[in-house]
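The values are calculated or read from the model by the stated rules, or taken from the named source; none is laboratory data. Bear in mind the structure is a predicted one, so any value in this text is a computation, not a measurement. Cβ atoms come from the backbone with ideal geometry, glycine included; neighbour counts cover every protein chain shown. The accessibility values were calculated without ligands, DNA or RNA, using every heavy atom of the protein model including side chains. Shrake-Rupley method; radii C 1.70, N 1.55, O 1.52, S 1.80 Å.
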Amino acid sequence: MLHEENTPDEALISRILAGETRSFEQIIRRYNSCLYKTGRAYGFSHADTEDLMQETYVSVFTHLGPFRYQSTLKTWMIRIMLNLCYHKTRKQSFRRERAELPLMDEKSIPMFHYH
């Protein structure tokens, strides 16, 4: 039997799908650093990057069944992480835009005046 660190991704996925969910820890250890680098390269803080990594791992775990090996597991996981980073960036920029828009200033005059 192969040493756990050398177990191919496909074998780990098969084990996980067969109920050996602890094998997912090996996937986490294997890809933690590349996902972390991805989040940090996007400009996120350490804490935000860890949150994004956790979301990535949850998504990967819940979608392992339909994974069809059209790419490597690593590529698929990085793509998920990049999508989460992209959406978080868009959400943050939208919040910044909304916060910067003044609701009313002293020059604002109501369109209708009720008595």
**OP:** Whenever you get a sec, line up Ile13, Ile28 from highest to lowest accessible area (probe 1.4 Å, protein heavy atoms).
**Re:** Ile28, Ile13
Original post:
GluC sites (Glu not before Pro), restricted to region 14-66: which are DSSP loop and have at most 16 other Cβ atoms within 10 Å?
Top reply: Glu20
